[in-house]
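Everything on this sheet refers to the single structure shown next.
We did not get these values from a lab; they are worked out from the coordinates using the rules stated. Here the structure is a predicted model, which is why all the values come from computation and not from measurement. With ideal geometry, Cβ positions are generated from the backbone for all residues, glycine too; neighbour counts draw on all protein chains shown.
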Number of protein chains: 2
Amino acid sequence: MASAICVVCSVYLKAYVRAADGYGRMRGTPTCTLLHLGAGLGNGIANLHNARRASTAVVNLVGDHAGYHVHYDAPLTSNIKDIARGVSAWIRSSTTAEGMGQDARDAVAASLAANPESTGNVATLIIPADCAWGDAHAPSGVVIDKHWAPMTQDGVTESVQALRSADAILLLDGNGLTAAAINQAGRIAKVTGCRVYATTFPARSESGPGLYPVQRMPYFPEDVEAVLASAKSLILAGAKEPVSFFAYRGKPSNLVPLGCEVVRLAHKHQDVGADLARVANMLDAPAEPDVVGIDGRPSPPSGPLNTAAVGQALAALIPENSIVSTDSGGGGAAFPILHQAVRHSFLTITRGSIGQGGPVAVGAAVACPDRPVFALLGDGGALYTNQFLWTAAREKLNIVCVVYSNRTYSILDTEYRRLGVNTVGEIAASRFSLTDPDIDWVSLAKGYGADAVQVATGEALVAALEQGMAAQGPFLIEVLVSGRA
Amino acid sequence: MASAICVVCSVYLKAYVRAADGYGRMRGTPTCTLLHLGAGLGNGIANLHNARRASTAVVNLVGDHAGYHVHYDAPLTSNIKDIARGVSAWIRSSTTAEGMGQDARDAVAASLAANPESTGNVATLIIPADCAWGDAHAPSGVVIDKHWAPMTQDGVTESVQALRSADAILLLDGNGLTAAAINQAGRIAKVTGCRVYATTFPARSESGPGLYPVQRMPYFPEDVEAVLASAKSLILAGAKEPVSFFAYRGKPSNLVPLGCEVVRLAHKHQDVGADLARVANMLDAPAEPDVVGIDGRPSPPSGPLNTAAVGQALAALIPENSIVSTDSGGGGAAFPILHQAVRHSFLTITRGSIGQGGPVAVGAAVACPDRPVFALLGDGGALYTNQFLWTAAREKLNIVCVVYSNRTYSILDTEYRRLGVNTVGEIAASRFSLTDPDIDWVSLAKGYGADAVQVATGEALVAALEQGMAAQGPFLIEVLVSGRA
């Protein structure tokens, strides 16, 4: 931070900030972004929105005009605090070069605070140019750790009582989705018969052989209601109460059924695994849960491809210890089969701002250079941020990027019909279509210096995955898919 | 607006909002955007920032969760007003379906208000889903016109007095850059010998044969100071006082020299041309100014290309009545030669948020389907928003896109050195470079369904421009350039 010269513009920023989120999710340490005035910050908003829900510790540095220059309303002037407020847990604008060391220390501390999920952990430090020009001082003070103290015995006792009754669901998120926490939840399931779910879009979850098989809460509210229908208690282990992603006419926002008791065991930042262990021990659970076996690999698919067959190919082939990054759609649909097949870390879209899957993969690959990384992307979402491919090529990151090319922005069609519009007109339909002309993902990838192929069959996909996994640097596979079934 | 169903996500939004700005600049009517919650709005911020300075009338509709759903903090929830505040002159969130008609009317009126340039004309109307689901009523009330009343005689008299003294500069912007206003300024120049300048980055200016040759104020503050050094008076005709784009140590922010009297003739929204005519008449100016002749076309260039040679090729070839859209850099450098050669409308970056040149060209082409459109883009800026090429291909817009491929993000290198850092380290230098791997613009364009060629000589550029102008739909020319000279 000392004497930082803050002129770096936010090139390809949409990719850049999401990459920081991916890095932070894998490392668990604060991750730093450097944006340029309000316009550069604006380019990062959609991504900071996801990072906020992921509770990724982001020290978000935003360069500003020199303090004395702001009131002249030069072209790039804007009210940076206004724009930052919507995504930041903490905002400060430095006022002197001497104070910047302390400001930086406070920003790091704020990024590590145990904030609620709705607030997140983005600490925005605005740096006027005249502060950046001067000499800074070393910061003082110790940065606080982000783990809260373990819960009091109250949450544990209450959870134990709830779990002893019939039809309990244990809902995991945050620190409840580490390998250790998952297996503590599995111990509880073994002794009580409770069901164990992760939230719909966790920032990071571990799964695969050797771990208890945690299911994922579905996306659509009626599916969540079906999961919860018979539950008499819901124990929140790092999670919040499930709510509908969107509101729908006649559907409730909070999806917890009447008569289902909600018990909070721990917040996501806390040592959820330790609290789960305490609960398991009080229940006299066996030392080990029932875990996914090591023989869950399917055979590779053949013939024409749909979303399920792509998941099958991935489950057949991806290496142990991979990192999988998705927006949602096909990538999300691959989760259950991957989950049975191979040990991996899975990174999701957290707060719904699409276009994150590729850039988050970039950050994860930088954070974990020894782990294979797979970005599973819908074509609609991937178009937001396809610039990540150049960064991946430049940094020679081993990312296999699978684009589910169904040439539609199908979530729009889906949500449109869910509003009761069953006759979709020609103009509306054209807004959901990615044809006329088709996007040529192979050409796009090569434009950014990444090698790429297009495939339409299981055999070709398997060959492409093998080629991609052997390649140095990013490799894109455009998979022509025609449906989910 | 009635019964609008607001589920359209903001696909390729960075391009989308900028396109609205281009449309509004060419049509002069309100232009409407439809964004999806805070994340979608975030993707549009950088572009609304430019639209604000352009004073483009934007009715910025932002879909939100149903009112009753917001406090559940579902994933896409954010404080939309916070994010919108930094770029909006007016913000309202609808509260009932019945009130939406009136809300829409008020938003249109707000977008047409004569706001100061620092405030702009973006009217953000937030539409909760439960309002969108209901039946709306027709709006009441008449939308106000955006032209203010002409200035009082005071500004005119003061301007006449200032212009009668030696060394006056007439600075034009906004409605001062229509063809009619420019030639009124030319009448004044003819009778007084004053110099006439446009601001550095006007939203739209007309130039070419038949018009008085207005120069553009330079970008760097020392160059602006040189222009203003001898001026005894500065008459603002739709413009603000010139300020430095960035602050630099030891340089003033306001670039008007001591002893130079500043006179405001008219604000940018006013009928600047009418006020200029009044001044010209009081000065007994001749009826016609000295205008650019019709024989200003240079011969086409040959051999290796630099920025100047690209401008020469364009000036040799582009059709009458073209629209030229740029970020800055090479496109901006082409202005003086184009200005002498061919009648055209020129659209600039207004408020410094790069990546606008291509998308603004899209909006201009939609607004003016009978006019040829040229997007002159630096490779660094064009990478922000290259998705515009797909929209242009889909809508079959006749845009010839010239990418100045010098494979550097050279404004960063320039500004870095201006801070006094003359030894640029390897890491810093790599941040300014667009090589390793090179971006292949031809491949990128083809990925989006746009035809494209790469050229390295004047002969090839001329052939490519002829091919592009004859093509149906967009055509991209990657020009390998090695410098400005």
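Before rounding to the nearest 500, sum -39500 (n - 2.57) across all DSSP H runs of length at least 4 in chain B and divide by the residue total; then give [θ] at 222 nm in deg cm²/dmol.
It lands at -11000 deg cm²/dmol.
How long are the semi-axes of the equivalent ellipsoid of the range A:268-325, taking √(5λ) for every eigenvalue λ of the Cα gyration tensor, in whole Å from largest down?
36, 15, 10
Evaluate the distance, in nm, between pseudo-label points positioned 7 Å from the Cα of A:ALA470 and of B:SER118 along their respective Cα→Cβ axes.
6.4 nm
Provide Rg over Rh for the range A:270-392; use the alpha carbon set for both Rg and the Kirkwood Rh (inverse mean inverse pair distance).
Radius of gyration relative to Kirkwood radius: 1.05.
If the limit is 20 Å between Cα atoms, which of A:LYS81/A:LYS268; A:LYS81/A:LYS240; B:LYS190/B:LYS232; B:LYS190/B:LYS268; A:LYS81/B:LYS268 go over it?
As for pairs spanning more than 20 Å Cα to Cα, those are A:LYS81/A:LYS268; A:LYS81/A:LYS240; B:LYS190/B:LYS268; A:LYS81/B:LYS268.
Put one equal scatterer on each alpha carbon of the protein assembly as shown, apply the Debye formula with no solvent term, and list log10 I(q)/I(0) at q = 0.07 1/Å to two decimals.
Results for the protein assembly as shown at q = 0.07 Å⁻¹ read -0.60.
Got a sec to turn the phi values of the range B:120-136 into Karplus ³J(HN,Hα) couplings, 6.51 cos²θ - 1.76 cosθ + 1.60 with θ = phi - 60°, whole Hz, x for Gly and Pro?
Using θ = phi - 60°, the values come out as x, 10, 8, 10, 9, 10, 8, 10, x, 4, 5, 6, 4, 6, x, 8, 8 Hz.
For the range B:46-201, which semi-axes, largest first and in whole Å, follow from the square roots of 5 times the eigenvalues of its Cα gyration tensor?
44, 17, 11
Just to confirm the numbers: B:GLU98, label point 7 angstrom along the Cα-Cβ line, distances to the other copies in nm, shortest first?
Going from nearest to farthest copy, the values are 6.2 nm.
Each residue of the range B:315-329 in turn: what ³J(HN,Hα) in whole Hz from Karplus with 6.51, -1.76, 1.60 and θ = phi - 60°, glycine and Pro shown as x?
These are the phi-based 3J(HN,Hα) values: 5, 6, 10, 5, x, 3, 6, 6, 10, 10, 10, 9, 7, 5, x Hz.
Kindly give Rg over Rh for the range B:78-130, based on alpha-carbon atoms, with the Kirkwood expression for the hydrodynamic radius.
Radius of gyration relative to Kirkwood radius: 0.99.
Once you charge only the Cβ atoms, +1 for Lys and Arg and -1 for Asp and Glu, what is the size of the charge dipole of the protein assembly as shown about its Cα centre, to the nearest 20 debye?
My answer is approximately 480 debye.
Rounded to the nearest 0.05, what FRET efficiency do B:ASP438 and B:THR157 give with R0 = 60 Å and r taken as the Cβ-Cβ distance? Could you check?
0.50
With only alpha-carbon pairs counted, each pair once and no self-pairs, how large is the Kirkwood hydrodynamic radius of the range B:284-353 in angstroms?
Evaluated over the range B:284-353, this radius sits at 13.3 Å.
If contacts are Cα pairs under 8 angstrom and at least 6 residues apart, what is the relative contact order of the range B:121-206 in percent?
Relative contact order for the range B:121-206 comes out at 27 percent.
How many nm is it between the label spots at A:THR96 and A:THR457, if each spot is 7 Å from the Cα in line with the beta carbon?
Distance between label points: 7.3 nm.
Go from 0 up to the bin containing the longest alpha carbon distance in the range B:355-485, width 5 Å each, and give me the % of pairs per bin.
Calculated over all Cα pairs of the range B:355-485, the distribution is 2, 11, 20, 21, 17, 12, 8, 5, 3, 1, 0 percent.
Roughly how many debye, to the nearest 20, is the charge dipole of chain A about its Cα centre, given +1 on each Lys and Arg Cβ, -1 on each Asp and Glu Cβ, and no other charges?
Roughly 420 debye, rounded to the nearest 20.
If the label for B:HIS71 sits 7 angstrom from Cα along the Cα-to-Cβ line, what are its distances to the same label in every other copy, in nm to one decimal, shortest first?
Values, ascending and in nm: 4.0.
Normalised by the residues of chain B, what does the relative contact order come to in percent, with Cα pairs under 8 Å and at least six apart?
That works out to 15 percent.
Can you tell me which aspartates and glutamates have their Cα less than 14 Å from the Cα of A:LYS446? Leave out same-chain residues fewer than eight positions away.
A:GLU478, B:ASP436, B:ASP438, B:ASP440
Jot down the per residue volume, in cubic angstrom and as a whole number, of the convex hull over the alpha-carbon atoms of chain A.
Enclosed volume per residue, from the Cα hull, is 159 Å³.
Mind checking the dipole of the range A:69-188: about its Cα centre, +1 per Lys or Arg Cβ, -1 per Asp or Glu Cβ, Debye to the nearest 20?
Dipole of the range A:69-188, to the nearest 20 debye: 280 debye.
Measuring label to label, 7 Å along Cα→Cβ, what does B:GLU222 give against each other copy in nm, shortest first?
Shortest to longest, the spacings are 7.0 nm.
Ranked from highest to lowest mean number of other Cβ atoms within 10 Å per residue, what is the order of the peptides B:374-380, B:28-34?
In decreasing order of mean packing, B:374-380, B:28-34 become B:374-380, B:28-34.
Rounded to the nearest angstrom and ordered from largest down, what semi-axes does the equivalent ellipsoid of the range B:418-485 get from its C-alpha gyration tensor (root of 5λ)?
Equivalent-ellipsoid dimensions as semi-axes: 32, 16, 9 Å.
For the pair A:ASP290 and A:ARG431, how long in nm is the line joining their label points, each one 7 Å along Cα→Cβ?
Reported label-point gap for A:ASP290 and A:ARG431 is 4.8 nm.
Per-residue Cβ counts within 10 Å, from other chains only, averaged over A:442-451: what number is that?
6
Taking θ = phi - 60°, what integer Hz values does the Karplus form 6.51 cos²θ - 1.76 cosθ + 1.60 yield along the range B:354-367, in sequence order, with x for Gly and Pro?
Ordered by residue, 3J(HN,Hα) equals 6, x, 8, x, x, x, 4, 4, 4, x, 5, 5, 5, 5 Hz.
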